[in-house]
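Structure record follows, encoded as structure tokens.
The values are calculated or read from the model by the stated rules, or taken from the named source; none is laboratory data. A quick note: this is a predicted structure, and the numbers were derived from the prediction, not measured. Positions of Cβ are generated from backbone atoms using ideal geometry, with glycine treated the same way; all protein chains shown enter the neighbour counts. Accessible surface areas use protein heavy atoms only, side chains included; no ligands, DNA or RNA. Shrake-Rupley method; radii C 1.70, N 1.55, O 1.52, S 1.80 Å.
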Amino acid sequence: MNLHEYQSKFRFADYGIPIPKGKVAHTAEEAYTIAKDIGPPVVIKAQVLTGGRGKAGGVKLARTPEEAQQCASTILGMDINGHEVLKVLLDPASDIQAEIYLGVTNDRAARKPLIMASAEGGMDIETVNRLTPEKIIREHVDPFLGLRDYQIRNLAYGIELPRELWKQFATIAKGLYRCYIASDATLAEINPLIIDGSGNLLAVDGKMSIDDSALYRQPELVEMRDTSAEPAAETEARAAGLSYVKLDGEIGCMVNGAGLAMATMDMTKLFGGSPANFLDIGGGAQADKVAVALRIILADPNVKAVLFNIFGGITRVDEVAKGILDALAEVQVDLPMVVRLVGTNEEEGRRLIEEAAIPNMVSAATLADAARKAVAAAQAS
Amino acid sequence: MAIFVDKNTKLLVQGITGREGQFHTEQMIEYGTHVVGGVTPGKGGEWVLGKPVFDTVKAAYESTGANTSVIYVPARFATDAIYEALDAGIELIVCITEGIPVLDMMKVRARLDQSSSRLVGPNCPGLLTPGQAKVGIMPGHIAMPGNVGVVSRSGTLTYEVVYALTQRRIGQTTCVGIGGDPVNGTNFIDVLQMFEDDPETEKIVLIGEIGGTDEEKAANFIANNMTKPVVAFIAGQTAPPGKRMGHAGAIVEGGSGTAADKIAALNAAGIKVAEHPEQIPELL
């Protein structure tokens, strides 16, 4: 789960990190009032959970409250990479002397938290890593020891930070690490951390991602989830305990297990089609779950065929077949469907499907056969 | 021979009285796994499926001499269950539980590095040595004894591959599910080394997916350290970046962890990569 810039920065502030005294506006009128309050010039920034807002025109500078109102009315409602802008953050404009990067993330390979700093702030850190990896100073943190003072000094020294700022930098680095731990973040970054006109450090942009597995112990953060930014189907699926990701293709896929779901998506591509979604219905395949999944798949207008791929391990395939047939009694499906059931009691499962003799449903024995049939059906309809 | 589990496995079930724990314990016993007892705090002294239940792992270990433990407890208690098994001196700990926070797993990793115990998982289907022992949730009857070692980050995709092998009468030494989380106890390289050292394993199937760089590291390890042939499959070629594909660890982040990168790395190491799961038996 990702947090907006304003959510991340306000949280950073709770951990002693200096941020601009900004406020969020939902309307242009609100933007006017806020700009008047904090005093121009102000920066107006689109709050969307996607990158590239600067390039898309989602960040503007205003010299007067009137101008702020105008900018906000342009930015609000803007579409940035398919995300509608519903909120803007107004920050007092800063005099930027230098831009630094500071971030904490989970290093999967090292299986430890990693804190990184770079004098090349303002740029996307992945780009810096690709072009000039030596400009990123890295310190792995022992999860039991926490971030040590010497490690912060290593970072400050490595990025050639002026000595008079080391104390401020240490406060910010410690705050960011504490915030990362306390929030169960997978990423907490300040980019850029600027040296402003008065020679102080200030976190002017921030980003946080939270570990979904830890949300059970982060009730405050769960409240911050912005579902307006994600496809409605993904929100609905999450509520039903399904794992769903919308894609651009035409073959709706319903599979048990995440790895098998990905392999099934890949198969449609291999045979000349493309997947409309990732959907893992989890263990078993009870009729009610299959019904919800079917509704979600059918709500996507791009879908031209539905492919069921179920491996019955502990769950018996004949039970799964019954679940699918029961769900079809509940949800009307006019599109062609291909069903592949394999594993425990597969003969019985296939017999049930054949006997039901649903005119727009065919069964397939192998995954390749199923994918081929689904692609052909999608192209024909 | 096999790896991890066999006829000598003496298994303890943590969470034996829970719905999942009890169901799978029954399946494991039915398969012939030597289950010596279970642990559920507060239910010590009871019996489940003819097996004694203990309050603590320490007490269970002292009474039964278990050498392996499998964990079915809910995510918020699972980390504690792992530490408890570690402290009691269980050699092999298999954690099935899905949804353990990454920060907790990084601490578990740090502790594991200082101990002689091994953890498989979390968020994994467990271990299956056909004809000998089943520890976890893999369906036993889809496998048959043989000479192919299988290691995978996935669950049902593993079953699919194992089943396809069995259908072609290609048996397995041990099927290992290392789990779909970003930080886990045992990785591809650990298992590849064990298969390389296992005299009975002749060939290996590696099933990877998007996210992280473990497949790339495995490719490098195979090229430099292994004599046995490996066939691989990578799921997630059509997965978009930045989206988690079910498993916590299956996500393309910052342009790294793509299926294309992994396949390229495996090919460069001279490893055959199947286009789809059903092609694996042919490539073997």
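What the table below lists for this structure:
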item	result
Options A:Ile310, A:Ile314; residue that is touching a residue at least 24 places away in the same chain (Cβ under 8 Å), within 26 Å of B:Ile137 (Cβ to Cβ) and out of contact with any strand residue (DSSP E or B) (no Cβ under 7 Å at 6 or more places or on another chain)	A:Ile314
Condition broken by B:Pro199, with the remaining ones in (1) in contact (Cβ under 8 Å) with a residue 40 or more places away in the chain; (2) crowded, with 19+ Cβ neighbours inside 10 Å satisfied	(2)
Number of the exception - A:Gly77 against (1) free of Cβ contacts under 8 Å to residues at least 24 places away in the same chain; (2) within 14 Å of another protein chain (Cβ to nearest Cβ); (3) of a type outside the set (Lys, Arg)	(2)
Residues located in region B:205-216, provided they are more than 11 Å from every other protein chain (Cβ to nearest Cβ) and either modelled with pLDDT under 95 or in contact with a Lys or Arg (Cβ under 6 Å, 6 or more places away or on another chain) (or both)	B:Glu215
Whichever residue in region A:1-26 is among the aromatic types (Phe, Trp, Tyr) and in a helix (DSSP H, G or I) and, among such residues, is surrounded by the fewest Cβ atoms within 10 Å (Cβ to Cβ)	A:Phe10
Unique residue being under 34 Å from the mean Cα position of the chain (by Cα), touching a residue at least 60 places away in the same chain (Cβ under 8 Å) and open to solvent by 10 Å² or more (accessible area, probe 1.4 Å) when the list is A:Gln332, A:Gln379	A:Gln379
Count of region A:262-284 residues which are over 19 Å from the mean Cα position of the chain (by Cα), of a type in the set (A, V, I, L, M) and surrounded by 24 or more Cβ atoms within 10 Å (Cβ to Cβ)	4
Residue within region A:283-298 that is touching a residue at least 60 places away in the same chain (Cβ under 8 Å), within 23 Å of B:Tyr163 (Cβ to Cβ) and within 11 Å of chain B (Cβ to nearest Cβ) present	no
Subset of region A:100-123 [part of a strand (DSSP E or B) and within 30 Å of B:Phe188 (Cα to Cα)]	A:Gly103, A:Val104, A:Thr105, A:Asn106, A:Asp107, A:Lys112, A:Pro113, A:Leu114, A:Ile115, A:Met116
Residue that is open to solvent by 40 Å² or more (accessible area, probe 1.4 Å) and without any contact (Cβ under 8 Å) to a residue 40 or more places away in the chain, where the choices are B:Asn224, B:Asn220	B:Asn224
Condition met for A:Glu29 (surrounded by fewer than 19 Cβ atoms within 10 Å (Cβ to Cβ), without any contact (Cβ under 8 Å) to a residue 40 or more places away in the chain and outside any strand (DSSP E or B))	no
Answer from B:Leu128, B:Leu119 - the residue that is surrounded by 24 or more Cβ atoms within 10 Å (Cβ to Cβ), in contact with a Lys or Arg (Cβ under 9 Å, 6 or more places away or on another chain), more than 8 Å from chain A (Cβ to nearest Cβ) and under 22 Å from B:Ala232 (Cβ atoms)	B:Leu128
Filtered residues of region B:4-54 (kept if open to solvent by 40 Å² or more (accessible area, probe 1.4 Å) and in a strand (DSSP E or B))	B:Trp47, B:Lys51
Hits in region B:251-282 (condition: of a type in the set (Asp, Glu) and either within 19 Å of A:Ser274 (Cα to Cα) or at the interface with chain A (Cβ under 7 Å from one of its Cβ atoms) (or both))	B:Glu275, B:Glu278
Count - residues of region A:305-321 that are more than 10 Å from chain B (Cβ to nearest Cβ) and buried (at least 20 other Cβ atoms within 10 Å of the Cβ)	8
Lone unmet requirement of (1) among the polar types (S, T, N, Q); (2) in contact with a Leu (Cβ under 6 Å, 6 or more places away or on another chain); (3) open to solvent by less than 10 Å² (accessible area, probe 1.4 Å) for A:Thr105	(3)
Scan of region A:264-319 for residues that are among the polar types (S, T, N, Q) and either outside any strand (DSSP E or B) or outside the structural domain of A:Ile353 (by TED's automatic domain parsing) (or both), ordered by number	A:Thr264, A:Thr268, A:Ser274, A:Gln286, A:Asn302, A:Thr315
Residues that are within 23 Å of B:Lys243 (Cα to Cα) and not polar (S, T, N, Q), drawn from region A:38-57	A:Ala46, A:Val48, A:Leu49, A:Gly51, A:Gly52, A:Arg53, A:Gly54, A:Lys55, A:Ala56
Complete set of residues in region A:329-347 that are of a type in the set (A, V, I, L, M) and either closer than 21 Å to A:Ala371 by Cβ or not assigned by TED's automatic domain parsing to the domain that holds A:Ala263 (or both)	A:Val333, A:Leu335, A:Met337, A:Val338, A:Val339, A:Leu341, A:Val342
Filter result (within 12 Å of chain B (Cβ to nearest Cβ), touching a Phe, Trp or Tyr at 6+ places or on another chain (Cβ under 8 Å) and not small (Gly, Ala, Ser)) within region A:239-277	A:Tyr244, A:Val245, A:Leu247, A:Cys253, A:Val255, A:Asn256, A:Leu260, A:Met262, A:Met265, A:Asn277
Inter-residue pairs, beta-carbon under 7 Å, first under 14 Å from B:Gly136 (Cβ atoms) and in region B:16-36, second open to solvent by 60 Å² or more (accessible area, probe 1.4 Å) and of a type in the set (A, V, I, L, M, F, W, C), 6+ apart	B:Thr25/B:Leu49; B:Glu26/B:Leu49; B:Ile29/B:Leu49
Residue within region A:51-58 that is touching a His at 6+ places or on another chain (Cβ under 7 Å), away from every other protein chain (no Cβ under 14 Å) and not charged (D, E, K, R) present	no
Counted residues, region B:133-159 - those being open to solvent by 10 Å² or more (accessible area, probe 1.4 Å), of a type outside the set (Lys, Arg) and closer than 18 Å to A:Ala258 by Cα	4
Subset of region A:124-155 (residues that are away from chain B (no Cβ under 13 Å) and either of a type in the set (Phe, Trp, Tyr) or outside any helix (DSSP H, G or I) (or both))	A:Thr132, A:Ile137, A:Arg138, A:Glu139, A:Leu147, A:Arg148, A:Tyr150
Selection count where residues are crowded, with 16+ Cβ neighbours inside 10 Å and part of a loop (DSSP other than H, G, I, E, B), scope region B:55-73	4
Meets criteria (at the interface with chain A (Cβ under 7 Å from one of its Cβ atoms), in contact with a Ser or Thr (Cβ under 9 Å, 6 or more places away or on another chain) and in contact (Cβ under 8 Å) with a residue 60 or more places away in the chain) for B:Ala248	yes
